[in-house]
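Comments concern the structure below.
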Amino acid sequence: MAEARAPHGIRKVLSHRAHEPRRPQLDALVRGASSEKSKRDRIRTWVEQREGKANVLRAGAAPLDNVEAPLVQDALRIAEQVDRPVEDVVDTVDEQQDLIELDARLATSYPDSYAGMVMSTTDEPAQVVFDDSVPAQALDEVASASADVDVSAGDALPQEDVQGWLDRIQGSLRPVVGLAQVSFESETQKFRIVVREDAAASDAEMEVAIGTLPEGASLAPIERTLTDHEDDAYEDHTIRGGGTLVASGCTAGFVVRHRVTGEKFLSTAGHCPVLSGASQDVYQARGVDDWTRTTGMYYGNRVYFGLITPDFSYLSIPETRDPYPSTYITYTDKREVGAYYRHRLPKGTWVCHFGRTTEHSCSTIDEPSINLGHYGGSGLVAVSTNVSAPGDSGGPWWRSASAVGVHSGKVSNRDNRSVYSPVHMMGA
């Protein structure tokens with residue numbers, strides 16, 4: 001971890017610097033372009049050529065300099081949003097993909113000591129933190145990374161223990177203040193507590209209720225800015241993510257498969273059927289060529305405001321319809337999404353979503369684990385900006401050709417941030 005960002009007791013162990021990536025295909029594609037718009041148009045044409053007539057970009061489409069075609073498409077959207085050169089954004093998302101894989105390996109191989117990762121910024125390399133000491137083999141893995149990475153060690157909370165502590169702290173606060181939002185920042189090793197402005201308990205009383213924190217961790221100043229959660233409720237025969245759910249006014253999430261029976265369902269947010277009172281819904285596809293209405297899709301699991309499972313619900317799919325692992329990413333374009341992330345992605349990772357109201361937009365992960373005491377239970381993910389609006393609830397969040405989450409709503413403090421339920425918790 002860089003010196004300026006390191007909390008007390010954290011020491012730098014390794015500073016790895018990687019070589020700049022070579023992109024001969026991308027360089028040839030944009031060479032001679034007169035403007036950023038011209039570059040983006042050329043790359044957009046490249047993507048469209050891989051979509052084909054059905055406007056579905058498949059996971060196995062030919063890559064661009066070893067960057068997956070779906071990730072190139074996401075990079076194009078991000079470059080437009082943040083007004084950066086598209087080549088820089090391709091480098092960023094490709095680097096992040098390598099770091100995501102490194103993060104998953106470290107979390108799996110060293111669960112008792114690995115404390116997490118924060119993606120690189122324009123000023124800082126990626127940060128990897130371990131508790132106490134760093135295994136020699138882990139240093140070798142980091143040293144082979146294709147990105148700049150600083151490794152630190154010290155009194156840090158292992159990533160595997162974070163959610164348990166969030167639940168424990170939230171449980172201790174519930175009798176004192178009722179609603180509380182709890183999150184953890186791995187880069188500062190601080191727990192953040194947000195309560196209502198009118199919470200009766202003093203900061204000191206809340207600190208007493210929380211009690212002892214894990215070694216090396218501390219409590220950030222308690223914020224009193226929490227307001228009511230603002231939920232986002234209110235082609236043919238193919239069922240896919242991103243369609244409109246007419247009865248609940250929500251957006252359809254990913255097609256999912258039961259791990260044991262193999263039966264397929266359509267996911268969405270748990271609060272959609274509850275707030276609307278719908279026991280069944282009507283699925284409506286997008287566009288003119290594949291517009292259809294499907295009745296008889298009954299809601300199954302209706303998890304809502306739970307304290308254990310995030311904000312999910314599922315719809316049965318009629319036998320007359322063909323569920324396909326894909327999602328709309330615009331009102332006309334579709335993306336094949338046949339895989340999902342089985343772990344939380346690091347802070348700073350770019351992810352994208354589709355909602356019936358806001359269409360296609362992207363943001364970076366701000367808090368990989370956040371407990372909203374009054375909504376969705378534990379284990380949601382907050383991104384750094386609000387890229388959603390009412391009607392987006394239940395819609396898909398993805399990265400490249402892999403599912404990331406199902407949209408839940410927004411956190412209404414700290415400048416508003418969209419939140420989603422991570423798909424790997426669907427079976428929790």
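Hey, among the residues in region 219-237 that are at pLDDT 90 or above and either acidic (D, E) or in a loop (DSSP other than H, G, I, E, B) (or both), which one's nearest to S408 (Cα to Cα)? Going through the qualifying residues, I end up with E223. A single entry from R342, R335 fulfils the requirement of being charged (D, E, K, R), at pLDDT below 95 and more than 16 Å from the chain's Cα centre (by Cα): R335.
Can you pull out the residues in region 238-261 that are part of a strand (DSSP E or B) and of a type outside the set (A, V, I, L, M, F, W, C)? T238, R240, G241, T244, T251, R257, listed by residue number.
For (1) under 28 Å from G171 (Cβ atoms); (2) modelled with pLDDT under 85; (3) surrounded by 15 or more Cβ atoms within 10 Å (Cβ to Cβ), each residue gets a yes or a no:
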{"site": "G262", "(1), (2), (3)": "no, yes, no"}
{"site": "D290", "(1), (2), (3)": "no, yes, yes"}
{"site": "T309", "(1), (2), (3)": "yes, yes, yes"}
{"site": "L315", "(1), (2), (3)": "no, no, yes"}
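D161 meets the conditions (1) over 26 Å from the mean Cα position of the chain (by Cα); (2) within 21 Å of S378 (Cβ to Cβ) in every case but one. The failed one is (1).
Scanning region 177-194 for residues that are touching a helix residue (DSSP H, G or I) at 6+ places or on another chain (Cβ under 9 Å) and modelled with pLDDT of 90 or more turns up V182, S183, F184, F191, I193. Scanning region 384-400 for residues that are hydroxyl-bearing (S, T, Y) and either over 23 Å from Q96 (Cα atoms) or part of a strand (DSSP E or B) (or both) yields S388, S393. Being within 23 Å of E20 (Cα to Cα) and among the polar types (S, T, N, Q) is a property that holds for T92. Across region 322-359, the number of residues qualifying as in a loop (DSSP other than H, G, I, E, B), touching a Ser or Thr at 6+ places or on another chain (Cβ under 6 Å), open to solvent by less than 40 Å² (accessible area, probe 1.4 Å) and closer than 24 Å to T244 by Cα comes to 1. Within region 14-30, is there a residue that is open to solvent by 30 Å² or more (accessible area, probe 1.4 Å), closer than 30 Å to V151 by Cα and either of a type in the set (S, T, Y) or at pLDDT 95 or above (or both)? There is at least one residue in region 14-30 that is open to solvent by 30 Å² or more (accessible area, probe 1.4 Å), closer than 30 Å to V151 by Cα and either of a type in the set (S, T, Y) or at pLDDT 95 or above (or both).
Kindly check whether there is at least one residue in region 360-374 that is part of a loop (DSSP other than H, G, I, E, B), modelled with pLDDT of 90 or more, among the charged types (D, E, K, R) and buried (at least 18 other Cβ atoms within 10 Å of the Cβ). No, region 360-374 contains no residue that is part of a loop (DSSP other than H, G, I, E, B), modelled with pLDDT of 90 or more, among the charged types (D, E, K, R) and buried (at least 18 other Cβ atoms within 10 Å of the Cβ). In region 383-396, the residues that are closer than 13 Å to S248 by Cα form Cβ pairs under 7 Å with partners that are open to solvent by less than 20 Å² (accessible area, probe 1.4 Å) and among the aromatic types (F, W, Y), at six or more places apart or across chains, as follows: G395/F354.
Residues in region 31-53 that are small (G, A, S) and either outside any loop (DSSP other than H, G, I, E, B) or open to solvent by 60 Å² or more (accessible area, probe 1.4 Å) (or both): 3 in all.
The values are calculated or read from the model by the stated rules, or taken from the named source; none is laboratory data. Keep in mind that what you see is a predicted model, and the values were worked out from it rather than measured. Glycine gets a Cβ as well: all are built from the backbone with ideal geometry, and neighbour counts include every protein chain shown. Heads up: the accessible areas ignore ligands, DNA and RNA and are worked out on the full protein's heavy atoms, side chains in. Shrake-Rupley method; radii C 1.70, N 1.55, O 1.52, S 1.80 Å.
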